[in-house]
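See below for the structure under consideration.
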Amino acid sequence: MQNLVKHTLYLFLWITGLTAAITLAGIGYAWFFSEAKELPHLEWLIGSVIIEVVVVILMLAKKGLKYLPDTQTDKKAKDTLRFMESFISTGTSATVVSNRVSWLVGDDKLISIFQSKIEKGTRIEIITPNEVPEPLRDRLNGASFIVTKENVLPEARFTLVNGDRSGAERLAIARGVHPDHEITIFDNNSGPQIIAMAKDIIRKSKELANAA
């Protein structure tokens, strides 16, 4: 399917280029060689070139945007928590990788969303280097807490949803702090390699936790 789209686009570009060449040749002939200074249907050729150029630009833009990740910058912590609520609610599974879980402690609404997803059979995993407070474990009964016990805190901060559904994964990667907290969201079109790397990090983190 990808090759068909590519070949169709190339064919359209060739047709556009050929139409433009014929139009320019006609304009040059009318200006420099034709006594009548006009050619039949020249206005149709000019119109066709304009339309074809616009269509090509739109096709390229649509194709390019498909492979660009979404981004957002949060100025306040509550904006990030609101995003997490929405993002996790879109998946049938969620794995949160964070160097700390203080952002979750005390957020009753987000904890309720986690618990609701767990009760409906959603697999929730939280991977962190340090032990999770017992009260939080109790409130998120049914979630999997994977503690790697790393001495050096990892820089990775991301959430993967639908990690067990190949092709349907979505990955949100966080960087920076508020008010310049940036989140980049990848899917299987915009970042399949990034998603694969996130899966590798999750797998290796589980292996490290089991070995500890």
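Scanning segment 81-124 for residues that are surrounded by fewer than 16 Cβ atoms within 10 Å (Cβ to Cβ), over 22 Å from the mean Cα position of the chain (by Cα) and among the acidic types (Asp, Glu) gives ASP108, GLU119.
Those residues that are modelled with pLDDT under 70 and surrounded by 14 or more Cβ atoms within 10 Å (Cβ to Cβ), I need them from segment 28-51; list them, please. Scanning segment 28-51 gives ALA30, LEU39, LEU42, LEU45, ILE46, VAL49.
Take ALA20 and decide whether it is open to solvent by less than 70 Å² (accessible area, probe 1.4 Å), at pLDDT below 70 and outside the structural domain of GLN193 (by the TED database). Spelling it out, it is not the case that ALA20 is open to solvent by less than 70 Å² (accessible area, probe 1.4 Å), at pLDDT below 70 and outside the structural domain of GLN193 (by the TED database). In segment 60-80, of all residues being surrounded by 13 or more Cβ atoms within 10 Å (Cβ to Cβ) and part of a helix (DSSP H, G or I), the one that is modelled with the highest pLDDT corresponds to ASP79. Just give me the residues in segment 138-170 being open to solvent by 70 Å² or more (accessible area, probe 1.4 Å), of a type in the set (S, T, N, Q) and more than 26 Å from the chain's Cα centre (by Cα), in sequence order. Correct list: ASN141, ASN151.
Screening the candidates ILE127, ILE173 for the property of being part of a strand (DSSP E or B), touching a residue at least 40 places away in the same chain (Cβ under 8 Å) and crowded, with 19+ Cβ neighbours inside 10 Å yields one hit, ILE127. The set of residues in segment 176-202 being part of a strand (DSSP E or B) and touching a helix residue (DSSP H, G or I) at 6+ places or on another chain (Cβ under 8 Å) consists of HIS181, ILE183, ILE185, PHE186.
The values are calculated or read from the model by the stated rules, or taken from the named source; none is laboratory data. From a predicted model like this one, the values you see are computed outputs, not experimental measurements. For neighbour counting, all protein chains shown are included, and Cβ atoms are generated from backbone atoms with ideal geometry for every residue, glycine included. Surface accessibility is based on the protein's heavy atoms, side chains included, excluding ligands, DNA and RNA. Shrake-Rupley method; radii C 1.70, N 1.55, O 1.52, S 1.80 Å.
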